[in-house]
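Read through the structure below, which is laid out as structure tokens, and then see the notes.
FYI, it's all coordinate maths here, none of it is from the lab. Everything quoted here is computed from the prediction, not taken from an experiment. Here the Cβ is made from the backbone with ideal geometry for all residues, glycine too, and neighbour counts use every protein chain on show.
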Ligand code: SF4
């Protein structure tokens, strides 16, 4: 308990040391629950009149979170808001704020995957973390900075989570409790950096949760999901891949297998099988392209967005699943926006099958694409090295049936 007490005193000291608001990242997982619980515990021991600086609790909702986890964190957020305002900050409830952060419409997973044709993310092209997690958090912090000159982000990151994380935390720490964030005037504080996995669980199971939840529920959820890590709260690029931890998006294809969802299913959540099959299908069609490239151009081919027909197929399957399971998987706004993007690209759709489009770039070099739509008519700005606005279509012709089973636009130097 000595270790926990020293963290609690440090939290009190830092809270009282200035008027910089705290922004606490809450993911619903064990680490962020521990930090938030410790902040509650530490501040509740201070006289109410000393609680004069703002606390923001922010929770990222990527809109493609595992539905079972969303249910858990939504319940927590409601309880946290009530307890924070009524117990901790009863004399000034406006100082305690809870916010759920979601990506902008044009940045959501489905809009990018189906509307714009991005391939499902993998380790080398992980376009999602920034759009779904980092940008909404940065926007919130920037907004908070308009009122205050500084902000401190409080996170549940721990050195024991991964070697990478330990190294990056050491690099920034240099004996200070706060490290600089990439945004100016923003600092990061990680109170439980030195706790082990077991110490986190011991704390959660020994100390009563202050917002009235039973932490055994969280333990059960971990039991359902798996024994590996949670999706950490993301504030910047360069930290551990959230795709490695399996407490995040149900559509995540950064990992080969979603063991978390498999465990949910094995533990009785049979309805998740439909989601898992769909995720596995997305994973599969991402790889397929490599199989259908004719040998003579294989080494020079790169891959771009999905073909229109595949994007339409993804949307149809997703809507079917949504209807079948009666769970909201995609919003009406996303569907509307996706239709708009698909219609726009359909203006350049080839009549049947695929076509070879040869573009000339400003430096005279030529690039060939094989696609079921003319890329010059898409709202996207570039395809690999080609800035589409600067490209000129010089030729288009039908391609042989060898390409027909491909799923993504391919391009190579003509
Ligand atoms: S969990 Fe996977 S899909 Fe979700 S943001 Fe992280 S890497 Fe992307």
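What shape does segment 281-344 take by its C-alpha gyration tensor, where a ≥ b ≥ c are the square roots of the eigenvalues and a/c under 1.5 counts as rounded, a/b above b/c as prolate, and the rest as oblate?
prolate
Going by alpha carbons, how many degrees (0 to 90, nearest 10) lie between the helix axis of 332-346 and the longest principal axis of the chain?
20 degrees
Could you work out which residue, out of 71, 262, 81, moves most in a Gaussian network model of the chain, that is, has the largest mean-square fluctuation with Cα springs under 10 Å?
Sorting by GNM fluctuation, first place goes to 71.
Using alpha carbons only, how many degrees (0 to 90, rounded to 10) separate the axis of helix 272-288 from the longest principal axis of the chain?
Roughly 50 degrees between the two axes.
To check you understand DSSP bridge types, tell me what percent of the beta bridges within the chain (both residues inside) are antiparallel, rounded to 5.
Taking every DSSP beta bridge with both residues in the chain, the antiparallel ones total about 60 percent.
Once the piece of chain linking residue 381 and residue 256 is laid out straight, how much longer is it, given 0.36 nm per residue of separation minus the C-alpha distance between them?
The span from residue 381 to residue 256 would gain 42.0 nm if fully extended.
Taking neighbour Cβ counts within 10 Å as the exposure measure, how do 220, 279, 158 sort from fewest upward?
220, 279, 158
On full extension of the chain, what length is gained from residue 393 through residue 143, given 0.36 nm per residue of separation minus the C-alpha to C-alpha distance? Could the numbers behind the result be given before it?
On the way: separation 250, 0.36 × 250 = 90.00 nm, distance 4.36 nm.
Difference between extended and current length: 85.6 nm.
Would you calculate a helix-derived [θ] at 222 nm for the chain, using -39,500 (n - 2.57) for each DSSP H run of n ≥ 4 and dividing by the full residue count, to the nearest 500?
Working: 11 runs with 151 residues, N = 414.
Only helices count here, giving -11500 deg cm²/dmol.
Starting with the fewest neighbours, write out 363, 214 ranked by other beta-carbon atoms found within 10 Å of each beta-carbon.
Ordered from fewest to most neighbouring Cβ atoms within 10 Å, 363, 214 come out as 363, 214.
What order do you get for 53-66, 288-301, 124-137 when each peptide is scored by the mean count of other beta carbon atoms within 10 Å, highest first?
53-66, 124-137, 288-301
Among 91, 326, 73, which one shows the highest mean-square fluctuation when the chain is modelled as a Gaussian network with alpha-carbon springs under 10 Å?
Sorting by GNM fluctuation, first place goes to 326.
So what are the radius of gyration and Dmax for the Cα set of the chain, in Å?
When restricted to Cα atoms, the chain yields Rg and Dmax of 24.3, 77 Å.
Sticking with the crude label model, points 7 Å out along Cα→Cβ, report the distance from residue 13 to residue 87 in nm, one decimal please.
2.6 nm
How many angstrom lie between the C-alpha centres of segment 255-327 and segment 350-394?
26 Å
Take the chain, connect every pair of alpha-carbon atoms lying under 10 Å apart with a spring to form a Gaussian network, then pick out the residue of 101, 155, 377 with the largest mean-square fluctuation.
Highest fluctuation among the options: 377.
Run the numbers for residue 185 and residue 284: contour at 0.36 nm per residue of separation, minus the present Cα-Cα distance, in nm.
31.3 nm
Would you please classify the overall shape of segment 333-414 from the alpha carbon gyration tensor, given that a ≥ b ≥ c denote the square roots of the eigenvalues, rounded means a/c under 1.5, and beyond that prolate means a/b larger than b/c while oblate covers the rest?
oblate
Can you sort 281, 110 so the residue with the fewest Cβ neighbours within 10 Å comes first?
Fewest-to-most ranking of 281, 110: 281, 110.
If you fit an axis through the alpha-carbon atoms of helix 197-206 and take the longest principal axis of the Cα set of the chain, what angle between them do you get, 0 to 90°, nearest 10?
50 degrees
Quickly rank 367-375, 339-347, 191-199 as a protection proxy: mean count of other C-beta atoms within 10 Å, highest first.
On the way: 367-375: 22.6, 339-347: 14.8, 191-199: 17.2.
Descending packing order for the listed peptides: 367-375, 191-199, 339-347.
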